[in-house]
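Values in this text are rule-based calculations from the coordinates and carry no lab data. Not measured: the values here are computed from a predicted model. We place every Cβ from the backbone using ideal geometry, glycine too, and count neighbours over all the protein chains shown.
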Amino acid sequence: MFKYSKLAAVALVAITAAHGAAFAQDASDPVVAKVGGAEVRQSEIDLAIAGLDPQLANLPPEQKRVAALSAIIDVKVLAADASKEGLENDATFKQRVAFLTERELHNAYFKKHVVDAITPDEVKARYEKEIAAIEPQEEVRARHILVKTEQEAKDVIAALDGGKNFADLAKEKSTDAASEGGDLGYFTKGRMVPEFEAAAFALDKGAYTKTPVKSQFGYHVILVEDKRTQAPPALEQVEPQVRQLIMRDKYVALLEAAKGAATVEIDDPALKSAYEQINKPQQASPDQPAATGQPAEQQQ
């Protein structure tokens, strides 16, 4: 088990980078600790836990809470000493604070006008649009029996012609132990080796191959149990991806409007050319809305 001091050390970097918030001053946000004259409230603990290093994500809740509190205390005691030395008046420090403030304003604006602005109706409409653009694919459900030699495959086909059950033969004869009774489930084109795929999709439902199918794995006898058009994924399955598409479009539109209203001047010709190149067309993504910041939706 990690010692709390080690937990705090790992958490410290994430805590110092955590995003600021206004903490409610009421009974639902109790004081957890005091560091000198500074209070540490539960809301600050919650914020710190959200910013813990990923390697601490699977720790039990109480261990994460202790790690977060320990890191906050470490930050506050050193911040107090830094204040005594007047480091908040250092020019480099002020420049960094200004930069971080702008980054957080960017993220807050992104969250308000992109993440929080997405409605269920928008998600449903975009899902339906994306599904409509997908060309339906045929898929088959097949079983196979894999053997080493062509003669073994021919013997299997003869047994099937004589009325033997395919699944029973697969359990008895097939060298593919991964499939139960030779069952491969449903698959679309592009999932199997070419020889196998060509034979499977050429068969009618209920039919099996009358000649062995050779592949790099050996010789196959294939039975197609069903054919159907692949059903699209349910909205619940792909909602996160759909939201990402909407966020991307909203973010790009937001940036284009803001840049259109702003004057951007880049003095370095090479830098200006490179900037214009990567922004034509705008390739911004909600995964990386700012070169130095994280997207607002990851800060909730």
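Working note: Karplus 6.51/-1.76/1.60 with θ = phi - 60° gives region 266-274 the couplings 10, 6, 6, x, 5, 5, 4, 5, 5 Hz, where Gly and Pro are set to x. For region 87-93, the Karplus equation 6.51 cos²θ - 1.76 cosθ + 1.60, evaluated at θ = phi - 60°, returns couplings of 5, 5, 9, 5, 4, 5, 5 Hz by residue, with Gly and Pro reported as x.
If packing is taken as the average number of other Cβ atoms within 10 Å across a peptide's residues, how do 232-245, 57-70, 208-221 rank, most packed first? Mind dumping the intermediate values first?
Working: 232-245: 13.7, 57-70: 16.0, 208-221: 18.1.
Going by the mean number of other Cβ atoms within 10 Å, highest first, we get 208-221, 57-70, 232-245.
Divide the volume of the convex hull around the Cα atoms of region 138-229 by the residue count and you get 80 Å³ per residue. The slack in the chain from Gln244 to Ala270, taken as 0.36 nm per residue of separation less the alpha-carbon distance, amounts to 6.1 nm.
Only lysines eight or more places from Lys34 in sequence, or on another chain, were considered; those with a Cα closer than 24 Å are Lys3, Lys6, Lys64, Lys76, Lys84.
Annotation: amide H of Val35 within the under-5 Å range of Val40, sequence separation 5 or more or interchain, hydrogens built in the peptide plane.
The gain in end-to-end length when the Phe99 to Glu180 segment is fully stretched comes to 23.2 nm, 0.36 nm per residue minus the alpha carbon separation. Taking a ≥ b ≥ c as the square roots of the eigenvalues of the Cα gyration tensor, region 36-115 is classed as oblate, since a/c reaches at least 1.5 and a/b does not exceed b/c. Database remark: amide H of Asp176 closer than 5 angstrom to the amide H of Leu146 (H placed geometrically; neighbours at sequence offset of 5 or more, or on other chains; Pro and chain starts carry no H). Highest-first packing order for the peptide set 132-139, 254-261 is 254-261, 132-139, based on the mean count of other beta carbon atoms within 10 Å. Only Cα pairs under 8 Å and 6+ residues apart enter the sum, and on that basis the relative contact order of region 199-289 stands at 23 percent. Computed from backbone phi, the HN-Hα couplings of region 103-109 come to 5, 5, 5, 4, 5, 5, 5 Hz, rounded to whole numbers (Karplus: 6.51 cos²θ - 1.76 cosθ + 1.60, θ = phi - 60°; Gly and Pro given as x).
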